[in-house]
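The values are calculated or read from the model by the stated rules, or taken from the named source; none is laboratory data. Treat the numbers as computed from the prediction; the structure is a model and nothing was measured. Using ideal geometry, Cβ is built from the backbone for each residue, glycine included, and neighbour counts are taken over all protein chains shown.
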Amino acid sequence: TLETSGASTQDRCPIDHSAFTSPGGCPVSPRAAAFDPFTGPYQTDPAASLRWSRDEEPVFYSPELDYWVVTRYEDVKAVFRDNELFSPAIALDKITPTSDEASSVLAQYDYAMSRTLVNEDEPAHMPRRRALMEPFTPAALAHHEPMVRRLTREYVDRFVDSGHVDLVDEMLWEVPLTVALHFLGVPEEDMDTLREYSIAHTVNTWGRPAPEQQVAVAEAVGKFWQFAGTVLDKMRKDPSGHGWMPFGIRVQQEQPDVVTDSYLHSMMMAGIVAAHETTANASANALRLLLEHRDVWEEICDDPGLIPNAVEECLRHSGSVAAWRRLVTADTTIGGIEIPAGAKLLIVNSSANHDERHFDQADDFDIRRDNAGDHLTFGYGSHQCMGKNLARMEIQIFLEELTKRLPHMELVPDQEFTYLPNTSFRGPDHVLVRWDPARNPERADPGLLSLRQPVKIGEPSKNTIARTMTVSELEHLTDDVLLVTLRDTSGRPLPKWSAGSHIDIDCGAVSRQYSLCGDRSDRTALQIAVLHESNSRGGSRWVHTELAVGTTLRMRGPRNHFKLDPDAQRYVFVAGGIGITPVIAMADEVKATGGDYEIHYAGRSRTSMAFLDRLARDHGDRVRIYPSDKGTRMDLANLFATAEEGTQVYSCGPERFLTALSDATAHWPDDALHVEHFSSTLEALDPSKEHAFEVVLKDSGITVPVAADQTVLHALRAANIDAQSDCEEGICGACEVPVLDGAVDHRDLVLTKTERIAGKTMMTCCSRACGSTLTLQL
Ligand code: HEM
Ligand code: FES
């Protein structure tokens, strides 16, 4: 019997594990007892339905399922990360045991779905994954882009003039299925039959079919199995074709123990589902979500550059794989809860993706979220989805074509969205939309049909997230320095920023970085101060000559490469000329937190120095001014004569000024000096001076070779590992990864000396191995 006491479970697990012999033999909290993923709230919104669990009981036993349910981000990721303690062997098992009758139906079809990749244990899994990875790499996927575009275009052509459509029935189901078949190298078969088979497979694996439904499901699954076998037999006769399955057959000829017959047959069936339904559902979720957030839809219509990150945010917010499974192979704890060997886990990625502990305002749909790509919808670690970049490419192309051709479409009001009841595969059965065909933009401008947004294969970079800003005020602080106030053109609140941050602005043909210097508490405006440089490469001249109140421009960021150390005892700020902009923001922040600081500010003359009034007003006698025309020179050697423990020096200014400062503080503690770098000193890799090495990726379980003329970052991407980057020249810190072993040849400008010596992290865009191997936590 279940003891449903209402006692708080925050402090201790309600389950007496010593008594945990059979389901039902242990006390379970009322909500855990009531958890039913096949009906009700979990079907409507799995993440919301498990909020109680994330907050109060993040790991609980569900007697209904006989599974332990894991709902927090860190716990779900930790389970994905360790594929030996948490075996994937049960990932494709039937979550509802099959009735005898259904089993005998399956037996008639010799149904023998067995290990593929996703449910294969080590040591068999990794060699197989490695042997079969090549067709998934970005270089190989690029060949599929024209096919995905052509298909998408053809399907949209069919309904673009009709004024209404069910996006799922008329496009989002069949295009991913056709792409999947192309990718796998399977001839395009009867789509409706395959649709029926796929749904049956999902219900069979993750659903709870009623007893009377089970036989029909078993029939369809049996036929699907036979179909897979027939296609495979045909392929074996001529395995020279394109596609992942013929590729697999060819690999089998070389490595029969790695790619077995049983694997090929199982994969033939599971591969269609893996590549198809996941993507079809993800696309339908994305369209529903975007059209429900009309303002966001309009933004991506206006700026298709936002699509890649929007796709990532859709995958996070409404992913198509809601939960996945693992088997516990030894007694352990998850999130502090003891779990016995043999326990089965339902790890709810959709819940993890809404965990406030990892994602700010996790329920908000924010296409500029800079950690959207941390979602677990593709799993994580050594089994992470191999097809993720094909899926991303498809969804991006769907959104591009639809935003371009039907920006005015809207959801048919009051439609009820229904979902196939199951634990894992999630997407609406139908998405009905309507529009006025007379307003189709291509009628007025047929040229737009040939516009193409190139797809960037792989995880989107934060660097691509842009917003449109309007210049709301311009003020000359000096003859040469212009204070520019920018507001989001659509009036949306701006992201929070920290002192030292900068934004990137598209100045005509070039992009330039400017430090923020305004009021950090004002979420409606950002301010930069721009010096008109006589030898301007285009950025400052553009700002000074092209900008007027009302001008709109594109901005990325804010980002911070120049962060304040919150623990310093004292701060010395040193600015040369326009270098005052980040410094003033930093001084404001230190003042606000009650820290001890002083500001030294050098310039040509008082009239050329920006912000003197503001400095005097806000920082009073903490400021010293050095106008050189008055003969007041900053004597750096004298100022920094005595090294001070606990004092941090932050400086921005011309290169010569920074070099002098670096010399003057050479005897200071290693990490005392921080300078803002806007340009890199890195040179192109010279393979004759570099050596090749290997990076061992602990979480992914693979070793990636890095050639002498290749960065670690590029080697990772070529191996299909998601890798963030931004500047790609060692100044921003976006590509930092944890290093577990091996000596790093650091070449970035981000890490401090102490951090370099500690060697616990590295920048993959530029730093290399001293020796032959590095082990990374990836
Ligand atoms: C594995 C999700 C699209 C092929 C997985 C896993 C998940 C997943 C959750 C298990 C990860 C783990 O255990 O850590 C998705 C989603 C997709 C998608 C949400 C679409 C939005 C695709 C596509 C393909 C594909 C298009 C093939 C073309 C695979 C394969 C594996 C896999 C082969 C097994 C990898 C292994 O175990 O080593 N996918 N997938 N997936 N997926 Fe996908
Ligand atoms: Fe900027 Fe590597 S991407 S430091």
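Applying the criterion of being surrounded by fewer than 20 Cβ atoms within 10 Å (Cβ to Cβ) and either free of Cβ contacts under 8 Å to residues at least 12 places away in the same chain or assigned to a loop (DSSP other than H, G, I, E, B) (or both) to the residues of the range 734-746, the residue that is farthest from ligand 1 (Cβ to nearest atom) is A743. When the range 283-314 is filtered for residues that are in a helix (DSSP H, G or I) and over 24 Å from P413 (Cβ atoms), the ones remaining, listed by number, are P304, G305, L306, I307, P308, N309, V311, E312, E313. Among the residues of the range 452-466, those that are of a type in the set (A, V, I, L, M) and under 17 Å from E394 (Cα atoms) comprise V455, I457. Does Y67 qualify as being at pLDDT 95 or above, under 16 Å from T205 (Cα atoms), of a type in the set (F, W, Y) and surrounded by 19 or more Cβ atoms within 10 Å (Cβ to Cβ)? Yes. Within the range 31-84, the set of residues being within 24 Å of G427 (Cα to Cα), within 29 Å of the chain's Cα centre (by Cα) and part of a loop (DSSP other than H, G, I, E, B) comprises P37, F38, D45, L50, T71, R72. Based on this model, can you work out whether D261 counts as away from ligand 2 (no atom under 16 Å from the Cβ), without any contact (Cβ under 8 Å) to a residue 12 or more places away in the chain and over 17 Å from I395 (Cβ atoms)? When the stated conditions are applied, D261 passes them.
Considered as a group, the residues in the range 92-130 that are of a type in the set (V, I, T) and more than 11 Å from ligand 1 (Cβ to nearest atom) include one that is nearest to W225 (Cα to Cα), and that residue is V105.
Counting residues in the range 692-715 that are within 11 Å of ligand 2 (Cβ to nearest atom) and under 26 Å from G653 (Cα atoms) gives zero.
Consider the range 455-498 and keep the residues that are of a type in the set (A, V, I, L, M, F, W, C), at pLDDT below 95 and assigned to a loop (DSSP other than H, G, I, E, B). The one that is surrounded by the most Cβ atoms within 10 Å (Cβ to Cβ) is I465. Only residues that are surrounded by 23 or more Cβ atoms within 10 Å (Cβ to Cβ) and either within 16 Å of ligand 2 (Cβ to nearest atom) or assigned to a helix (DSSP H, G or I) (or both) were counted in the range 357-372, giving 1. Please specify each residue of the range 682-697 satisfying the condition of being over 31 Å from the mean Cα position of the chain (by Cα) and over 16 Å from A715 (Cβ atoms). Correct list: D686, S688, K689.
For A548, the conditions (1) of a type in the set (A, V, I, L, M, F, W, C); (2) surrounded by fewer than 19 Cβ atoms within 10 Å (Cβ to Cβ); (3) in a strand (DSSP E or B) all hold with the exception of (3). Checked across the range 526-533, the condition of being modelled with pLDDT under 95, part of a loop (DSSP other than H, G, I, E, B) and surrounded by fewer than 16 Cβ atoms within 10 Å (Cβ to Cβ) holds for at least one residue. Restricting A286, A270 to those that are touching a Cys at 6+ places or on another chain (Cβ under 6 Å), buried (at least 21 other Cβ atoms within 10 Å of the Cβ), closer than 25 Å to H375 by Cβ and of a type in the set (G, A, S) reduces the list to A286. Restricting attention to the range 499-513, the residues that are under 25 Å from the mean Cα position of the chain (by Cα) and surrounded by fewer than 19 Cβ atoms within 10 Å (Cβ to Cβ) total 2. So, K753, is that one within 16 Å of ligand 1 (Cβ to nearest atom) and more than 25 Å from L390 (Cβ to Cβ) or not? So K753 does not fit the description; no.
For the range 339-392, filtering for residues that are within 9 Å of ligand 1 (Cβ to nearest atom) and more than 21 Å from D699 (Cβ to Cβ) leaves 1.
Can you confirm whether the range 317-337 contains a residue that is part of a helix (DSSP H, G or I), crowded, with 21+ Cβ neighbours inside 10 Å and either within 12 Å of ligand 1 (Cβ to nearest atom) or at pLDDT 95 or above (or both)? Yes, that holds for at least one residue. You will find that of E56, E74, the residue that is more than 16 Å from ligand 1 (Cβ to nearest atom), out of contact with any helix residue (DSSP H, G or I) (no Cβ under 6 Å at 6 or more places or on another chain), acidic (D, E) and in contact (Cβ under 8 Å) with a residue 40 or more places away in the chain is E56 and no other. Could you please find all residues in the range 87-101 being among the β-branched types (V, I, T) and either within 16 Å of A112 (Cα to Cα) or touching a helix residue (DSSP H, G or I) at 6+ places or on another chain (Cβ under 6 Å) (or both)? Within the range 87-101, I90, I95, T98 meet the criteria. Restricting the range 151-198 to residues that are on the phi < 0 side of the Ramachandran plot and small (G, A, S), the residue that is nearest to ligand 1 (Cβ to nearest atom) is A180.
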